[in-house]
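Step one of this worksheet: look at the structure below.
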Amino acid sequence: MSELEYACRPISEGAGEGEALLSTDALCFALCEPDTGCVLEKGHCLDGRSVAGRILVMPTGKGSSVVQADGLYRLIIKGTAPAAVIIQTPEPVLVSTIIAMEVPLVDTVDPAFYDEVEDGDHIRVDAVAGSVVLTKASAATDEGDA
């Protein structure tokens, strides 16, 4: 199983690992169902998919501070929050919410990461050391076939 390691900038300290969930759309956590972590926003690229325990990779956040914080808080209480978040563009409301809720958050990931990562890949985020480790799902499957 091959691992690819990328440098990043830690924003909210901590570490998390899990399956990659890629979003091309900004996300507001208030538009996630707390019991399941499923995105409820119609037309969102993740509509109906769960963020629970995943490494959420997205461009940025959206929404006011109250709804963003309330949404993430409800996910945390129910155990359905993402394990970590990787963003491309820091947005003040999202960043302050994630820091307050102590979810690992990084940005400024090496651009090669975005060329490699796919839904279902395994990611380890270390938002203290400033690293993202990607294990390709296809690599794990290919080795199992050998």
Going fewest to most other Cβ atoms within 10 Å around each Cβ, Lys136, Lys78, Lys42 line up as Lys42, Lys78, Lys136
Exposure-ranked with fewest Cβ neighbours within 10 Å first, Tyr114, Tyr6 stand as Tyr114, Tyr6
Averaged over all viewing directions, the convex hull of the alpha carbons in the stretch 3-145 casts a projected area in nm² of 8.0
With only helices counted (DSSP H, runs n ≥ 4, each -39500 (n - 2.57)), the per-residue ellipticity at 222 nm for the chain, to the nearest 500, works out to -8000 deg cm²/dmol
Looking only at lysines whose Cα falls under 23 Å of Lys136's and that sit 8 or more positions away or on another chain, we get none
As straight-line cross-link partners of Lys42, the qualifying lysines (C-alpha separation under 19 Å, not fewer than 8 residues apart within one chain) are Lys62
To the nearest 20 debye, the stretch 5-67 has a Cα-centred charge dipole, built from +1 on Lys and Arg Cβ and -1 on Asp and Glu Cβ, of 200
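Charges at C-beta only: +1 for Lys and Arg, -1 for Asp and Glu. How large is the resulting dipole of the chain about its Cα centre, in Debye rounded to 20?
Details: 9 positive and 24 negative charges, 133 e Å.
Charge dipole of the chain: 640 debye, to the nearest 20.
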Taking every DSSP bridge whose two residues both lie in the chain, the antiparallel percent to the nearest 5 is 65
Excluding residues fewer than 8 positions from Lys78 in its own chain, the aspartates and glutamates with Cα under 16 Å of it are Glu33, Asp35, Asp70, Glu102
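FYI, it's all coordinate maths here, none of it is from the lab. Just so you know, these numbers come straight off a predicted model, no measurement behind them. Don't worry about glycine lacking a Cβ; one is built from the backbone with ideal geometry, like all the others, and counts go over all protein chains shown.
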